[in-house]
Amino acid sequence: MLKPGDIHLCQPGPEKSCGACCGLYNYRDSTRESLEARLEARTALFHDTVRSRDDLETFSTLVRSTESMEKRYEVIYCCEYLGFIDEEHRRVGCLLHPLQNNGEDLRDVSFYGRDLCDGHFCPSYHYLARWEQQAVVNSIDDWYLYGLVITDIDLVKEYFRFIAEGLGEAPDPELLKTGRLKDMAQRFFNFKTTWPFRSPETNRLGKYYFDGSQYMISHIDYDALGCERSRFDKIFLSLTSRFRSSNELRKAEGLVEDSISAFIDYYRDHPQ
Ligand code: SF4
Ligand code: SF4
């Protein structure tokens, strides 16, 4: 249950939303282009063919037989009822939700069932401080990136920890709503999709990888690189990193360092 004043991380506003726990990023091909095409097609199909709950079985069968259902982690369900819930296709969400169906709640037909779908609040609700949640919500206006970041507790916490240590205080999330600081934070979070040292393995997402039967936590073999554990280790794991040499590791540290320092310097030089 959300308390008054809590931020609704799943649907924080008109520019973005998250569908990660409905399996959004668990397709083997979870690139933006692929997910966008998938969600657009099933949203159109839903609106064209579903007139009542009697049509849902046919909808489900059609989606599951026409889309590739190859997964990253077999143990995580990918729900066929996740689609776009606004006209501009800026928000992902549940096509069975009452707000999409003239007040009728159809989620009881889903794999998880209505109660789980309705009552699930992922660990980001508990482990991210309110200001960290607000900072992510304010700095990202893109459903694809937002869902990847708001669910990556290590990435968010580590990024803002280094910034807070540099500033001597937590940054004010209100300052991430517009302007250079928003751009800087967004550029850092964009590493989720543009990171040059990203492992090509498709059974990995952030720090997790799937070994064929269960998913486990990755680690970076610093001994093999002849290096000490990096102070950015958690960030690197969140970015699904693979380093083939100490040179690559140093370059990666430089990218993260520059990004964090630029934010701190600008914040300090432009007191509000
Ligand atoms: S992963 Fe968390 S924020 Fe995203 S939709 Fe699920 S509960 Fe909401
Ligand atoms: S039915 Fe449940 S799992 Fe499926 S999209 Fe809706 S909320 Fe997500």
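A few comments on the model shown:
- Charge dipole (debye, nearest 20) of the range 108-180; +1 at Cβ of Lys and Arg, -1 at Cβ of Asp and Glu: 100 debye
- Kirkwood hydrodynamic radius over Cα pairs of the range 145-243, then Stokes diffusion coefficient at 10 °C and 1.306 mPa s, in µm²/s: 107 µm²/s
- Whole-number D in µm²/s for the range 185-272 (Stokes-Einstein; Kirkwood sum over Cα pairs; 37 °C, 0.692 mPa s): 231 µm²/s
- Cβ distances below 4.7 Å define possible disulfide partners, and in the chain the cysteines left without one are Cys10, Cys18, Cys21, Cys78, Cys94, Cys117, Cys122, Cys227.
- Positive dipole terminus of the chain, leading residue within Thr49, Gly13, Ser238 (C-beta point charges): Ser238
- R0 of 30 Å, Cβ-Cβ distance His89-Glu174: FRET efficiency to nearest 0.05: 0.60
- The lysines whose alpha-carbon is closer than 28 Å to the alpha-carbon of Lys182, local same-chain residues fewer than 8 away aside, are Lys3, Lys16, Lys157, Lys192, Lys207, Lys234, Lys251.
- Added length on full extension, which subtracts the Cα-Cα distance from 0.36 nm per residue, Asp154 to Glu201: 14.9 nm
- P(r) tail fraction, the chain - alpha-carbon pairs more than 22 Å apart, %: 60 percent
- Cα-projected label distance for Tyr125 with Ala224, points at 7 Å along beta-carbon direction, nm: 3.9 nm
- Here the range 20-122 has an Rg and Dmax of 12.9, 34 Å, counting Cα atoms alone.
We did not get these values from a lab; they are worked out from the coordinates using the rules stated. Predicted model only: the values in this text are computed from it and were never measured. All Cβ positions, glycine included, derive from the backbone under ideal geometry; neighbour counts span all protein chains shown.
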